[in-house]
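The values are calculated or read from the model by the stated rules, or taken from the named source; none is laboratory data. Source: prediction; values computed, not measured. Positions of Cβ are generated from backbone atoms using ideal geometry, with glycine treated the same way; all protein chains shown enter the neighbour counts. What goes into the accessible areas is simple: the full protein's heavy atoms, side chains included, and nothing from ligands, DNA or RNA. Shrake-Rupley method; radii C 1.70, N 1.55, O 1.52, S 1.80 Å.
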Amino acid sequence: MASRIGKQRKQKKYSEGGVVFTPAFIARIPSAAAAKGTDDASDDDASSDEFRAALATFWARLRGFTALGSAEAELDGVRDLVGALAALARACDRDGADDVPIADDDVNDDAPPTGERELAFVAAARAFFGVMFLPNSRQLHRALITSRKKLGARGASLAESALLAETSAAIDDALAELKGDAIDGRPTATVMRPATALASVNMVQPQGWAERRVLRGVAVRAASLVAAGIDGMIDETLRGRRVPPTEMEIAHDAVAVAYSLVQRHLPSIVNVNVPGSSPAGGVNAIAALARALARILGEDGAGLSREAAVSAGVAFSALLGVGVTHEEHACALADAFFPSVPSGNETSTSTSTSTSGGWRVANGVGATPIDSLLVLAKGFGFESTKTIKDESTGAFKDFPSLASSFSAFGTLSAVRGALTAASPEALSIELARPGGTNRDCQAGDWRFLVDGALPEICAWMEHPVDQHFKFHASAALKSALTRAKACVAVSDESFAMPPPLVDRVLTALWANWEDPLSQTVKEVQGAFEALADLFSTSETFLERVASRLLERGASSKGRYVPLAALVPKLGARKLLGIRPNLLEESLDAMRDDSVCCAAGTLIKELSAKLLDEMEEEERAAAPVGSGIEPGTPERPSSERWVIGNGSGKRGGVDKGKGRGRDEVCIREGGGAAVAAWRRWWIPPTLAALLKPGRERAGCAQYALPHLMRQDAASIVFLLERLKRMGRKRKVVASEKDANEGDEAASSSEEEARREEALRAAGVGVTTLKLPGEGDDDDDDDEDAG
């Protein structure tokens, strides 16, 4: 599962084959090139010749660009194409206005294109931007969109009108095809390819007002295109078609465009007073968009990717917050996702089910503008295709009725989206439960984040549908805890998580430290860091959590990264006070290859924090006015060494000259804090390096480099200690050899004394010989004698 998800994320969004130029696009080049760029009668021949030459050069470059045939060549060739368009813009601007800076504001007062020169330039620019709407052109979008900044003031204005006209034409063609009886057998995703170009216009950085004006000008039709395209893709999956990854990317882009339309351009869709907007049919378009997003989050959307559902959840929750106060947004979210809530009475276990809008009624707020808008939408203006019509799924009254059809994963995605789309004030505001009559009733206070989202997310992590579902639940938990910190900042410390909820969150984290899916583990670790940040001022909480982590065995991989996150907040000395031999345990655990990296992270944070604390203590203990700084040598340094593999002087004395980037300047000796720090880590590290097991390799690769980066001079003391240990071993070995020789000599002397004593007593000493080869010869010799 993990490898599959990783491959999907690393997949390129375009093939190496380059842009697929359609016959219709190629046909535009000769017809446009044949149009003569004649000028006004007042133009001189020199300027006319220059313009004609620039126009011919552009079309020739574009014609050659269509024959490149590879993405790499097109990425290089697009620069020449932009240069040719810039030259055409300079030739078109007869007044030399290209030196005027391009205005970047919300108002475009420039006149529309006039004269044959400007009309010819706009035609060329439309063909230039038309490349964006061709298959496999994503890699060129940024270069095409940002090219307007190189065209001068008038050229940029004309290019903006060309981009708007080309985008409008592409969307109109796609909508006409989607509303037709058939789309020539093509998948719906290929028809809604303009959404990909819109996503690039929306996401280009830095985004200027020109891009926003383009999106605003096509907002209504873009919303209709996204809704129709998503409906069409879902209909295809219901017929049994499997959506390939390349088409799924188009669905992701479409949902991203929907979120941008909701967040930035919804007034352009429903308000006729917004300049540059086209609100005709805007109410039906936004209603169709809401229904399409709900279908992604419902059972019908199971054929699309879960990533698309996550994006749809953000857009859906953002729709609820359009034009509302914080309290109205909180009530709308609660009505949509938590219609059934506990009564709030500690002695009661009953659950109250609110009617549609129960939270809104209980808190005395009106209907959200978006709900009022949807009530006005009697129909949707169009269907996804004329062959599939389901009026029952199209009928709805408000957002709670849409949310009631969500699947389990759809609800998770929507709640997760609410955490992103809602403001901290809306997430932390206190609401009266639907079972009460006023704010001071027995029902108690309820907050969306603490009483709604977090308990539900914990329940999803405790009982997941599958491993991938738990991954998204852990990502939602991380988002919720991150937003909780923002809620604390805006609520003046009045926002707090109850202890039972904190314990439940910790239990969910403990259970997933070593989940089989590595992405889940990363999200859980991120959630723990967010929780530690939330309680960074509570030393009791941090010590309790650290003790629970340390209770896990040293071979447990899941304890090291959370402990590393606690070190900056709790402190190294306090953590070592709980477990004094934490360094030795971590080094010994490196015999397991799967633990090495995580244990190295803990050693890095622990040693760095301990050194900082020791130096701070040294600074605090120094007499006032002494000027002693941490790291002051205990004895004068005679010289400094340069170590590394850079371009500086290697192995010699540093004379202040430039060193290579991989070289480190060190000096002999060190302050009292550094000396104490070295005494803390050098002996156990050296012991681990001298062990015969696999922990030696783990220590050398994952622990020692971090320690050396924190204090490169420690290598000298490490080697000195290693040298002393080597001498000590030699002495021990020589003493052992001498003892063995003395024992042998004393044994020989004792035996000699025994023999001499026997001879003195008149007892002969006989040497016995075991029978063997040569015995028969000896007997024969005796007989012969």
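Taking only segment 515-565 into account, find how many residues are touching a Leu at 6+ places or on another chain (Cβ under 8 Å), open to solvent by 10 Å² or more (accessible area, probe 1.4 Å) and of a type in the set (Ser, Thr, Tyr).
The total comes to 1.
Can you tell me which residues in segment 475-513 are buried (at least 17 other Cβ atoms within 10 Å of the Cβ) and assigned to a loop (DSSP other than H, G, I, E, B)?
Residues satisfying the conditions are 491, 495, 497, 512, 513.
Could you please let me know if residue 62 is touching a Lys or Arg at 6+ places or on another chain (Cβ under 6 Å), at pLDDT 90 or above and surrounded by 11 or more Cβ atoms within 10 Å (Cβ to Cβ)? Working first, answer last.
On the way: touching a Lys or Arg at 6+ places or on another chain (Cβ under 6 Å): no; at pLDDT 90 or above: yes; surrounded by 11 or more Cβ atoms within 10 Å (Cβ to Cβ): yes.
No; evaluated as a whole, the condition is false for this residue.
Quick one: count up the residues across segment 32-55 that are open to solvent by 60 Å² or more (accessible area, probe 1.4 Å) and either outside any loop (DSSP other than H, G, I, E, B) or at pLDDT 80 or above (or both).
Of the residues in segment 32-55, 6 are open to solvent by 60 Å² or more (accessible area, probe 1.4 Å) and either outside any loop (DSSP other than H, G, I, E, B) or at pLDDT 80 or above (or both).
Scan segment 516-563 for residues that are within 22 Å of residue 698 (Cβ to Cβ) and in a helix (DSSP H, G or I) and report the count.
Of all residues in segment 516-563, those within 22 Å of residue 698 (Cβ to Cβ) come to 518, 521-522, 525, 549-550, 552-563.
Checking which are in a helix (DSSP H, G or I) leaves us with 518, 521-522, 525, 549-550, 557-563.
The number of residues fulfilling the criteria is 13.
Would you call residue 308 touching a helix residue (DSSP H, G or I) at 6+ places or on another chain (Cβ under 7 Å), at pLDDT below 90 and more than 24 Å from residue 427 (Cβ to Cβ)?
Values: touching a helix residue (DSSP H, G or I) at 6+ places or on another chain (Cβ under 7 Å): yes; at pLDDT below 90: no; more than 24 Å from residue 427 (Cβ to Cβ): yes.
No, not satisfied.
Among residues belonging to segment 239-248 that are assigned to a helix (DSSP H, G or I) and more than 16 Å from residue 293 (Cα to Cα), point out the one that is least open to solvent (accessible area, probe 1.4 Å).
Taking segment 239-248 and keeping what is assigned to a helix (DSSP H, G or I), we get 245-248.
This time we only want the ones that are more than 16 Å from residue 293 (Cα to Cα), so: 245-247.
Details: 245: 64, 246: 96, 247: 19 Å².
In this case the residue turns out to be 247.
Return the total of residues in segment 652-699 being modelled with pLDDT under 85, of a type in the set (Asp, Glu) and outside any loop (DSSP other than H, G, I, E, B).
Qualifying residue count, segment 652-699: 0.
Looking at the structure I just gave you, is residue 84 at pLDDT below 55, touching a helix residue (DSSP H, G or I) at 6+ places or on another chain (Cβ under 8 Å) and outside any loop (DSSP other than H, G, I, E, B)? Even if it seems obvious, please write down each step before you answer.
Working: at pLDDT below 55: no; touching a helix residue (DSSP H, G or I) at 6+ places or on another chain (Cβ under 8 Å): yes; outside any loop (DSSP other than H, G, I, E, B): yes.
Criteria not met by residue 84.
Looking only at residues that are open to solvent by 30 Å² or more (accessible area, probe 1.4 Å) and touching a residue at least 60 places away in the same chain (Cβ under 8 Å) in segment 315-329, which one is nearest to residue 238 (Cα to Cα)? Step through it out loud before you land on a result.
Looking only at segment 315-329, we keep the residues that are open to solvent by 30 Å² or more (accessible area, probe 1.4 Å), and these are 322-328.
Right, trim to touching a residue at least 60 places away in the same chain (Cβ under 8 Å) and you get 322, 326-327.
Details: 322: 32, 326: 38, 327: 39 Å.
This residue is 322.
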